[in-house]
1. In this structure, does A:Glu515 turn out to be farther than 20 Å from A:Phe425 by Cβ and at the interface with chain B (Cβ under 8 Å from one of its Cβ atoms)?
2. What tally of residues in segment B:39-53 results from selecting those that are out of contact with any strand residue (DSSP E or B) (no Cβ under 6 Å at 6 or more places or on another chain) and buried (at least 18 other Cβ atoms within 10 Å of the Cβ)?
3. Write out, first by first residue and then by second, each pair whose Cβ atoms fall under 6 Å of each other, whose residues are 6+ apart or on separate chains, and whose first residue, in segment A:2-21, is crowded, with 24+ Cβ neighbours inside 10 Å while the second is among the β-branched types (Val, Ile, Thr).
4. Can you tell me which residue in segment A:278-296 is nearest to A:Gly386 (Cα to Cα), limited to those that are of a type in the set (Asp, Glu) and over 26 Å from the mean Cα position of the chain (by Cα)?
5. Looking at segment B:18-30, is at least one residue among the aromatic types (Phe, Trp, Tyr), outside any loop (DSSP other than H, G, I, E, B), outside the structural domain of B:Glu307 (by TED's automatic domain parsing) and at pLDDT below 95?
6. What's the total number of residues in segment B:301-322 that are more than 13 Å from the chain's Cα centre (by Cα) and either assigned to a strand (DSSP E or B) or among the small types (Gly, Ala, Ser) (or both)?
7. In segment B:152-171, what residues are in a loop (DSSP other than H, G, I, E, B) and farther than 26 Å from A:Thr440 by Cβ?
8. Please note which helices (runs of 4 or more DSSP H) are completely contained in segment B:38-151 and include at least 1 residues that are among the basic types (Lys, Arg).
Amino acid sequence: MADQALNGAIAVTRFGLGARPGEIELASADPVGWLRAQIRREGADQPVTAPLPATPPPGPPKPAPSTAVAAGAAMAAGPVPPDAMARMQAQMAAQGSSAAPGMTTAPAAPLAPTPPRTDFGSGRPLPTMQAAWRTFQQYREEIKGAKADPDLRRLASLPINELAAEEALARARLASTTDAGFRERWALFWCNHFTVAAKNQDTMIAVGPFEREAIRPYVFKSFAELLLRSSMHPGMLLYLDQTQSIGPGSVAGQRRKGSGLNENLGREIMELHSVGADAGYTQADVTEFARALTGWSIANNPNEPQAPPGAFLYRDNFHEPGPRTVMGKAYRDDGGKQAAAVILDLAQKPQTARRLARKIAAHFVADDPPPALVARLEQTWLRTGGDLAKVADALITAPEAFDPTPRKLKTPYDFIISSYRAAGFTPVNPAREVVGPLNTLGQRPFGAPQPNGWSDVAADWAAPDAIVKRLTWAQGFANASAPQGAPPDEARAVLGKRLTPKTLLAVSRAESRPEAFALLLLSPEFQRR
Amino acid sequence: MIAHRPSGPLVSRRTVLNSALAAGVGATFLGAAGAAAAAEFAGRKLVVIIQRGACDGLSLAPPIGDPDYVGLRGDIAIASDKALAIDGHFGLHPRLVKVHELMLAGQARIVPAAAIPQRIRSHFEAQDLLETGGAQLYASTTGWLNRTLQAAQPGHAITALSIGAQEPLILRGPVQAQSWSPGGRLNGQTNRVANALMDLYAGDALLGPALATGLQTEAQADVINGGKPLNGADVQAFANTAAKFLIAPGGPSIAVLSLDGFDTHANQGADNGQLANRLSLVDNVIAGLQTGLGEHWKDTVVVMATEFGRTARVNGTHGTDHGTASCMVLAGGALKPGGIVGDWPTLQPARLFENRDLAPTLDVRAVFKGVLIDHLGIDRGRLETAVFPNSREAQPVAGLV
């Protein structure tokens, strides 16, 4: 009989976002059931700016959710019918009818020195991609008016920076307070796998909408659907320079001199999002795929009747005519659907299954994951055609997943979030409590430096300087927010049976509550999982 | 930061030493000659700058005399009257003012067509190869600078420092390197917690040595900055402080820093714009290093490299896609003056690699090897066996230093 209390602590810390008070006790009744109840077809939770319900004070655990029922419901939905293509066709057909709610299109206001906003978390809805795009367009108009005046330019970019700060805060608040830590970790894994980062002002406004619209709803559906959704979202099209890629033989390509192909999105879908660089494809495959992708773009002009600004738009006059061959398979030219057909095939390749099985195992269990675990995930992936709910279930039921040795080091994001959870703290100030510390620790929110996203490998985050930064941040946070209970009790609540006697002793001997709490957050068993 | 990390254990120190012994360069080899060599190389400094995202060498050092340049490049070509002239054939990007000044003083050179040994166009695989120093992908899981630390002669042990919150692969391996970025600051309270932590981390092979080294470095930073906090956004001040680490008594011989944002697929710009802003950063870093190193600049070599170059032709979105050869930059007072390093393959259509990229004429490892031998005195045998195995075709470039 496995040690339920130890497995409960592992479930909450290794697969979740770290324990809030009472959480380990709750999970220990049925660790796998606690995790399984978080898997649901309708996807991950959505960050909101509205103040969250007051968090319950530390105390006796709430009754366990009916894990069996919830898990049953999630599983009974069965494999997602692979009709992502049909959905996309419907979306293409429906373009023009989806006006974004909750956003006015006021004309560009004259620039005046407005103080930075302080009402974060005020209940304002986070914008859709189309609403965010209007903010960006307004900014672009103002920038034109501001010309070279640096002060005016800074003012014009304020709403965009505020939007990004609000997105980062909303995401951190969700992670700090959710009862479904595994569900959020699973969503964050996919957000990072399909990285869209703020490299310009337009991508800065697009990251939040991208994650909410293209990733979170699909993380427990089929991988094919997730891959297609992420590839088609305007955020991804902007980030990987697809929107202006024009087939040299297309109507626009023939007319506009100096226009042409951009192969960035095609390459990264193959290399990073699906089959991987060692899958046996060539530069010719990348170029062919890039030709198939021409036409996938973003609507940008209110006079274009097909789609509102900020929406996905297939521009037939950008599309390179003709059949394409990618990885040995021919694709007839049916306009915007040609690239979708390639993407759906990439999703189903065995190389994709193998690569993602390893990546998931390495993310949650060990940098160098047990081959048996990788094989288990790969088999589930192949058997179910990439059903992500089934793959998630295979992960949390694998015996290798509960190996008591903690092999993973938390990334800065997970370290900060789990510290907040340990203290029962909900961040309210985006600069001081989210963006600032993450910048210092080297993981700027929405700022992955390259399209392969953030590393989750221990050695990347354990440079001497990085460990000192964790130390100084933890002490600062503990000074402000250390819980008021007895430190040994806090340590037991946060780490459960994973707490070692050595750390317990160090925490007990600390000369103040803040020092005890800082030691707890920095202890090897809190840093690792 | 780096994806596709190959699995498998790090090469053990023992393995490396064994291979050095197999090559006949064991400790007994070192007599008086070794000690003399060590003295000669004491005080030498090496700074390696990695430009991540594939820097466009054809904009960094535009070949303004090449008749095909402007035609291929269209609106992103650097006009010959804007470029900072080096000779009739090459210029420097107009933002590289400091590099140009050094070049005129004989303290900077360009390697206009260098590439890693394998023809790959994935950023992440190519960066891995650039940093592991292997002949091919996944041949090694440690960085070539870490192996350089292991290969240094016993009488002349050298250490290294990485600048930034993430540890780059190039320095990863069995020898613990320092790392530093602004914003640490310890006080009495954090020192108490740190002492208790040292005990808790005693059994942790990763966290234990990292914390110990980090605490030392932070104490040193406090001395260097006179207790003043440093703003990480000021690149020049940042590079300046990094340089002061190098020249502190007993300071490291090698520093590594990474600059990102060079992946200019769209709207790359010409003398102004996206790439120009990144090159300003490069120029500021080099200026900050020079100021910070002071009189030690004369003992310094800076080597800057990127994972690959970009397409010779401008693409459809006023940018460039993943290519092959790019331009390395060498700088420092220890350099010997000279012209360009390596040959220029020209941009003639028939000479382009796969009809799209600048063709490589020099292996990046040949430059690294030349610098390690002549500047840091790394033994040739160890260089070939342990630091850059299977690199015989990349003969060290002689006479750089």
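1. Details: farther than 20 Å from A:Phe425 by Cβ: no; at the interface with chain B (Cβ under 8 Å from one of its Cβ atoms): yes.
In short, no.
2. If we filter segment B:39-53 for residues that are out of contact with any strand residue (DSSP E or B) (no Cβ under 6 Å at 6 or more places or on another chain), which is where we start, we get B:39-44, B:53.
Keeping just the survivors that are buried (at least 18 other Cβ atoms within 10 Å of the Cβ) gives B:41, B:44, B:53.
Here the count works out to 3.
3. Close Cβ pairs (under 6 Å, with a partner that is among the β-branched types (Val, Ile, Thr)) amount to A:Gly8/A:Ile24; A:Ala9/A:Ile24; A:Val12/A:Ile24; A:Leu17/A:Ile417; A:Ala19/A:Val12; A:Ala19/A:Val494.
4. Our first condition is that a residue be of a type in the set (Asp, Glu); within segment A:278-296, this holds for A:278, A:285, A:288.
Next cut, over 26 Å from the mean Cα position of the chain (by Cα) only: A:285, A:288.
On the way: A:Asp285: 23, A:Glu288: 25 Å.
Among those that are of a type in the set (Asp, Glu) and over 26 Å from the mean Cα position of the chain (by Cα), it is A:Asp285.
5. Residues of segment B:18-30 among the aromatic types (Phe, Trp, Tyr): B:29.
From what's left, outside any loop (DSSP other than H, G, I, E, B): B:29.
Filter once more, keeping what is outside the structural domain of B:Glu307 (by TED's automatic domain parsing): B:29.
Of the ones still in play, those that are also at pLDDT below 95 are B:29.
Checked against the condition, which is being among the aromatic types (Phe, Trp, Tyr), outside any loop (DSSP other than H, G, I, E, B), outside the structural domain of B:Glu307 (by TED's automatic domain parsing) and at pLDDT below 95, segment B:18-30 yields at least one hit.
6. Going through segment B:301-322, the residues more than 13 Å from the chain's Cα centre (by Cα) turn out to be B:308-322.
So of that shortlist, the ones also either assigned to a strand (DSSP E or B) or among the small types (Gly, Ala, Ser) (or both) come out as B:309-312, B:316, B:319, B:322.
Here the count works out to 7.
7. Start the filter on segment B:152-171 by keeping residues that are in a loop (DSSP other than H, G, I, E, B), which leaves B:152-153, B:157-159, B:164-168.
B:Ala152, B:Gln153, B:Ala157, B:Ile158, listed by residue number.
8. On the way: elements: B:57-60, B:69-73, B:97-104, B:123-132, B:144-151.
Output list reads B:69-73, B:97-104, B:144-151.
The values are calculated or read from the model by the stated rules, or taken from the named source; none is laboratory data. Source: prediction; values computed, not measured. Cβ: placed from backbone, ideal geometry, glycine included. Neighbour counts: every protein chain shown.
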